[in-house]
Amino acid sequence: MNAMMGFIVMIVFVCLAGVAAQVLLGLATYNDAKARGNNDPVMWGLLVGFLGWIPGIVYLCLRNNNANRLMTCPQCGFVHRVAEPFCPQCRVQNPYSAPFQNPLAHQQAHRAKLLLIWAVVAYAAVIVLTLVAVFGLMTSLVGVAMY
């Protein structure tokens, strides 16, 4: 009975670590999407937070930085990045660059990396705790079967 109680406690810790890992992964995705100027960072954070790795992989495939897309200057026809506030050739203001002028982008990208590291640590804790719980349960069952 004591071994079963220890197993249940360990499973509770595994579940809590799993939930923490999902939350951290969702927050990391949100901050990464926000830093990259994505239009729907909340959607990506919630999808990855609730559904896990599959939407995370989809996000990684689709997260190509929109700031690197090219546009043609309406005044001179010069092709440049959409995130540039002015045309490099004629210096006319680019009205489409406003969403990419995020002064907090560097801070959000750094926060996303930290949250991702903690999410990986939490997933590793889930794996280790699961192995310890299963090994402890098996050891106690073998010990009970011997007597």
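Side notes on the structure shown:
- Residues in region 54-75 that are modelled with pLDDT of 90 or more and surrounded by fewer than 13 Cβ atoms within 10 Å (Cβ to Cβ): ILE54, ILE57.
- Subset tally (residues that are closer than 25 Å to LEU141 by Cα and surrounded by 15 or more Cβ atoms within 10 Å (Cβ to Cβ)) for region 7-48: 5
- Selected residue [crowded, with 18+ Cβ neighbours inside 10 Å and assigned by TED's automatic domain parsing to the domain that holds ILE8] from LEU115, LEU51: LEU115
- Segments classed as helices (runs of 4 or more DSSP H), wholly inside region 1-93, with at least 2 members that are among the hydroxyl-bearing types (Ser, Thr, Tyr): 2-35
The values are calculated or read from the model by the stated rules, or taken from the named source; none is laboratory data. Just so it is clear, the model here is predicted, and its values are computed rather than measured. Because the Cβ atoms are built from the backbone with ideal geometry, glycine has one as well, and the counts that use them run over all protein chains shown.
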